[in-house]
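Got a structure here, written out as structure tokens. Questions coming.
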Amino acid sequence: MKLDKKTKYACVAKTLKGMEQPLLKELTELGYSNLRTRKRAVEFEADLEGIYRANLELRTALSVLVNIAMFNFKDDKDIYNEVSRIAWGDIFNPRKTFAIQHSVFGDVFRNTMYPALVVKDAIADRFRSKYKERPNIDRERPDVIVDVYIFDNRCIISLNSSGMPLYKRGYRGLMTFPAPLNEVLAAGMVALSEWDVREDFFNPMCGSGTLIVEAAMKAYNIQAGYLRDEFAFMNWSTFDKEEFEKLRRDPEGAVKKSKARLMGSDISRRALSITSHSLNLYHLGDKVELKRQDFMKATTGEGKGVLILNPPYGERLEVEDIEMFYKTMGDNLMNHYSNYRPWILSANEEALQYVNLKSVEKYELMNGDLPCKYICYDLKAGHKVIEA
């Protein structure tokens, strides 16, 4: 099998829990066809140019898989034979390294690692028989990633076109801040808030600025993957560098006029410095207002739009009195930010009760390994009785 420009391939964009609908909306707006939502994924069709573009544009995808074989099997010999039939030498050359990712469900294999070993051997043997040499395995930074998905007696072999997860945008750099949000999670939170880019966006307690950076990139149409200089598809034999570069938009030239007022604040000077650095990489430093302030003591909430808070949960960042912290946060929203639609992400359900505001929307998300509630509150409805 040789990847060619004319063929449309069955693809799967993988994402985080709760991000299926934002991802579906992105793919729809980008014009992809044959869309189908799955658990933590969305299926679509794309040619090679569309695969490049998906990796550059998608904000809520973790990776883009390209299906190259699908078959039923009885045992490991069937898998070996089917994988051996694939013309791997037309996909990548033996001087590239590769690795196998696998997801195995069902009762066929007791050892879920075993099918991956079978696929690895089949690929290596195919190269050895055709070219008298075989590519090496590299589990840390492989050039090519082959994805194996098995459900009962059905096997799908795909190429991971992304390589490193797409949340690795390239703007974090060496500067770090405690408990940063995953970039895909942050982009999804912005999408779920249904923020209209013509209205204000305020991110208090911005930390390292992931939310405000993702919002600014969306407002000014900056590609999620622009800063990345490495995608797995670049190591495929058919990679067209010229075509790829045509799809990449320079942020300085791409920045358009926007009516959005983007604001971020934090009590930490270091947090604001990290945020500013990230924004400057996209030429957005002068498009976002950053202010050093303690949101819990702020008394001016000018503006109208969406406000997103990612406060401490009492898990990774300690707070002495978490209940009082959340109560004060809710009171401040009510008293000074009545023109905003506030959203709060938190893994501390008990503390969320003390926000003492009426919720109107709620999503279940994952922040790393922490199950979280992402809640929108109605400030016009006033305080509510704290539930026991």
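So F98 clears everything in (1) more than 17 Å from I156 (Cα to Cα); (2) touching a residue at least 60 places away in the same chain (Cβ under 8 Å) except one condition, right? Which one?
Single failed check for F98: (2).
Being under 28 Å from N367 (Cα atoms) and either open to solvent by 70 Å² or more (accessible area, probe 1.4 Å) or touching a helix residue (DSSP H, G or I) at 6+ places or on another chain (Cβ under 9 Å) (or both) is the filter here, so list the residues in region 153-166 that pass it.
Of everything in region 153-166, those that are under 28 Å from N367 (Cα atoms) and either open to solvent by 70 Å² or more (accessible area, probe 1.4 Å) or touching a helix residue (DSSP H, G or I) at 6+ places or on another chain (Cβ under 9 Å) (or both) turn out to be L159, N160, S161, S162, G163, M164, P165, L166.
Let me ask something else about it. Might you check whether a residue that is closer than 16 Å to A224 by Cβ and in a loop (DSSP other than H, G, I, E, B) occurs anywhere in region 16-24?
Yes, because at least one residue in region 16-24 is closer than 16 Å to A224 by Cβ and in a loop (DSSP other than H, G, I, E, B).
Please tell me if S193 is over 30 Å from N72 (Cβ atoms), touching a strand residue (DSSP E or B) at 6+ places or on another chain (Cβ under 9 Å) and modelled with pLDDT of 95 or more.
It is true that S193 is over 30 Å from N72 (Cβ atoms), touching a strand residue (DSSP E or B) at 6+ places or on another chain (Cβ under 9 Å) and modelled with pLDDT of 95 or more.
Could you list, in sequence order, the residues of region 296-322 that are closer than 18 Å to S346 by Cα and modelled with pLDDT of 90 or more?
V306, L307, I308, L309, N310, P311
So which residues in region 102-113 are over 22 Å from F231 (Cα atoms) and either assigned to a strand (DSSP E or B) or open to solvent by less than 20 Å² (accessible area, probe 1.4 Å) (or both), if there are any at all?
Across region 102-113, the qualifying residues are V104, F105.
Say whether the condition of being part of a loop (DSSP other than H, G, I, E, B), over 27 Å from the mean Cα position of the chain (by Cα) and under 30 Å from Y220 (Cβ atoms) is met by at least one residue in region 308-315.
The answer is no; no qualifying residue exists.
Take the residues of region 33-51 that are in contact with a Ser or Thr (Cβ under 8 Å, 6 or more places away or on another chain) and of a type outside the set (D, E): which is most open to solvent (accessible area, probe 1.4 Å)?
Per the criteria, the residue is R40.
Kindly indicate whether V213 is open to solvent by less than 10 Å² (accessible area, probe 1.4 Å), closer than 25 Å to T15 by Cα, β-branched (V, I, T) and in contact (Cβ under 8 Å) with a residue 60 or more places away in the chain.
Criteria met by V213.
I would also like to ask the following. Among (1) within 23 Å of V184 (Cβ to Cβ); (2) part of a helix (DSSP H, G or I), there is one condition Y80 misses while meeting the rest; what is its number?
(1)
What single numbered condition from (1) open to solvent by 10 Å² or more (accessible area, probe 1.4 Å); (2) assigned to a loop (DSSP other than H, G, I, E, B); (3) among the charged types (D, E, K, R) fails to hold for R169?
All conditions are met except number (1).
Something else: Need pairs with beta-carbon distance below 8 Å; first residue on the phi > 0 side of the Ramachandran plot and within region 14-33, second open to solvent by 60 Å² or more (accessible area, probe 1.4 Å) and of a type outside the set (V, I, T); sequence gap 6+ or separate chains.
These pairs meet every condition: G18/Y363; G18/E364.
Can you name the number of the only condition in (1) under 25 Å from the mean Cα position of the chain (by Cα); (2) surrounded by 12 or more Cβ atoms within 10 Å (Cβ to Cβ); (3) at pLDDT below 95 that D369 fails?
In the conditions (1) under 25 Å from the mean Cα position of the chain (by Cα); (2) surrounded by 12 or more Cβ atoms within 10 Å (Cβ to Cβ); (3) at pLDDT below 95, D369 misses (2) alone.
Could you tell me how many of the residues in region 341-360 are in a strand (DSSP E or B), open to solvent by 10 Å² or more (accessible area, probe 1.4 Å) and touching a residue at least 24 places away in the same chain (Cβ under 8 Å)?
Counting residues in region 341-360 that are in a strand (DSSP E or B), open to solvent by 10 Å² or more (accessible area, probe 1.4 Å) and touching a residue at least 24 places away in the same chain (Cβ under 8 Å) gives 2.
If I ask for residues that are free of Cβ contacts under 8 Å to residues at least 24 places away in the same chain and open to solvent by less than 20 Å² (accessible area, probe 1.4 Å), which ones from region 114-152 would you list?
A124
The values are calculated or read from the model by the stated rules, or taken from the named source; none is laboratory data. Values in this document were obtained by computation on a predicted structure and should not be read as measured data. Positions of Cβ are backbone-derived with ideal geometry, glycine not excepted, and every protein chain shown enters the neighbour counts. When the accessible area is computed, the model is the full protein with side chains, heavy atoms only, and any ligands, DNA or RNA have been set aside. Shrake-Rupley method; radii C 1.70, N 1.55, O 1.52, S 1.80 Å.
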